[in-house]
1. Please list, ordered by first then second residue, the pairs with beta carbon atoms under 6 Å, 6 or more apart or interchain, first in the range 10-38 and without any contact (Cβ under 8 Å) to a residue 60 or more places away in the chain, second assigned to a helix (DSSP H, G or I) and crowded, with 18+ Cβ neighbours inside 10 Å.
2. Can you confirm whether the range 21-36 contains a residue that is in contact with a Phe, Trp or Tyr (Cβ under 7 Å, 6 or more places away or on another chain) and either among the hydroxyl-bearing types (Ser, Thr, Tyr) or part of a strand (DSSP E or B) (or both)?
3. Working only within the range 262-291, note down all residues that are open to solvent by 70 Å² or more (accessible area, probe 1.4 Å) and closer than 15 Å to Phe225 by Cβ.
4. Quick one: would you say Leu186 is surrounded by 21 or more Cβ atoms within 10 Å (Cβ to Cβ) and either of a type in the set (Phe, Trp, Tyr) or farther than 24 Å from Gly30 by Cα (or both)?
5. Within the range 352-370, can one find any residue that is part of a loop (DSSP other than H, G, I, E, B), open to solvent by 50 Å² or more (accessible area, probe 1.4 Å) and on the phi > 0 side of the Ramachandran plot?
6. Mind listing whichever residues of the range 208-236 are over 16 Å from the mean Cα position of the chain (by Cα), in contact (Cβ under 8 Å) with a residue 60 or more places away in the chain and assigned to a helix (DSSP H, G or I)?
7. Please determine whether any residue of the range 318-328 is modelled with pLDDT under 95, small (Gly, Ala, Ser), under 20 Å from the mean Cα position of the chain (by Cα) and crowded, with 20+ Cβ neighbours inside 10 Å.
Amino acid sequence: MKVLRLRPGKERSLQRRHPWVFESAIAKGGGDAGETVRIESAEGKFLAWAAFSPNSKIRARAWSFDERQRIDAAFLAARVASAARARSLFDLPSDGVRLVHGEADGLPGLIVDRYGDTLVAQFLSAGVERWKSILADALLAATGLAKLYERSDASGREREGLPPVTGWLRGSGETELTIREHEWRLSLDIATGHKTGFYLDQRDSRKRFAELAARRRFRRVLNCFCYTGGFTVAALAGLKAAGAVEGAELISIDSSLPALERARAHLALNGFDAARAEFQDADVNASLRRFVDEGRTFDAIVLDPPKFAPTVAHAERAARAYKDLNRQAFKLLAPGGHLLTFSCSGGIGADLFHKIVASAGIDAGVDGYITERLGAAPDHPMTIEFPEGEYLKGLVVVRK
């Protein structure tokens, strides 16, 4: 077994069961891509079994902190089965479920979503790439399913020195799927959609938006970076429940024409008239500035932009982008209006995001109440040992 020896004082994070070892913490040792290595302190004390990644700044990702543990097919199958069982702990009103959430489920770099009878997996680290075939079999065994599609085309693969890979890993079938989420239906294409095909992490926030729409009877709604219109469908569902659809104005903006076409289709899929929402193929920043110049206001605004800061190194530039977006949104928010603003950037922590939004409000001359904090749905868990799992942060701000 190959050994990684850490520099003095660099063992503390592993002793707290944090699964990452950075290149700068290693004094000597190495291995092949994905190979299991023994990690020791500077004094030679065992710390963890980990998968080695020679190309990544995260040079090793811990599998286990138990020296007696064997990292083999049985170990991985047990981890997969445990992750699948854990989803029964959560109230998940959908047949679209995050089945494995990487480090939070003890499988660093592995993301698996279930859409009905189909699994979609991302193998984003050298360790899970090395064990891909074993993990694929374990996933099918744990779920009793026969179809597994691979979407290992995220940017994390490049940082691990791995090429993008997509296609059927087990079985075959249609890539166009429809799932149930709460009381509505949403479609996706697992071959071309973002991430594994859909943003399951916003499931609970979409439901909350529907509840707010029903209670407050929003007349003017702006959904920015709308993708395939999940928040738009939620707003319409809430307004319909309150008998307030007639006369409501809903504008949804995205720069992806295929996403907007699917968003329009979602209206029909859920029994709404296509005329109930306007979809604009446009740049969100430019649209917000134009609306400000036109003197427009909205009762509810959703800001759900893409990832601006994948790492802390990108945080400063991303903070400026988030602030500009939120400043313009505040200018458009009517008194008593609701702003749902999000960051999915791992490099932007919850405290920093709060400060960015507060600064944006101050610059816009707007004061507001932070009435709720939102995050990823519970099948995207953050664990005690791995706070980096809290990548999605959201605030509900009500303008005074």
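1. Within 6 Å, the pairs are Lys10/Ala25.
2. Yes - at least one qualifying residue is present in the range 21-36.
3. Once the filter is applied, which keeps residues that are open to solvent by 70 Å² or more (accessible area, probe 1.4 Å) and closer than 15 Å to Phe225 by Cβ, the range 262-291 yields Asp281, Asp283.
4. Working: surrounded by 21 or more Cβ atoms within 10 Å (Cβ to Cβ): yes; either of a type in the set (Phe, Trp, Tyr) or farther than 24 Å from Gly30 by Cα (or both): yes.
In short, yes.
5. Yes; the residues of the range 352-370 include at least one that is part of a loop (DSSP other than H, G, I, E, B), open to solvent by 50 Å² or more (accessible area, probe 1.4 Å) and on the phi > 0 side of the Ramachandran plot.
6. Within the range 208-236, Arg208, Phe209, Leu212, Ala213, Arg216, Ala235 meet the criteria.
7. The answer is yes, given that some residue of the range 318-328 is modelled with pLDDT under 95, small (Gly, Ala, Ser), under 20 Å from the mean Cα position of the chain (by Cα) and crowded, with 20+ Cβ neighbours inside 10 Å.
Residues are listed down the side, and each one gets a yes or a no for (1) at positive phi; (2) buried (at least 24 other Cβ atoms within 10 Å of the Cβ); (3) touching a residue at least 24 places away in the same chain (Cβ under 8 Å); (4) out of contact with any Leu (no Cβ under 9 Å at 6 or more places or on another chain):
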site	(1), (2), (3), (4)
Gly106	yes, no, yes, yes
Asp113	no, yes, yes, no
Leu119	no, yes, yes, no
Glu129	no, no, yes, no
Ser133	no, no, no, no
Ala136	no, no, yes, no
Lys147	no, no, yes, no
Ala154	no, no, yes, no
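The values are calculated or read from the model by the stated rules, or taken from the named source; none is laboratory data. Bear in mind the structure is a predicted one, so any value in this text is a computation, not a measurement. Neighbour counts are summed over all protein chains in view; Cβ atoms, including those assigned to glycine, are modelled from backbone coordinates with ideal geometry. All accessible areas refer to the heavy atoms of the entire protein, side chains included, with ligands and DNA or RNA removed. Shrake-Rupley method; radii C 1.70, N 1.55, O 1.52, S 1.80 Å.
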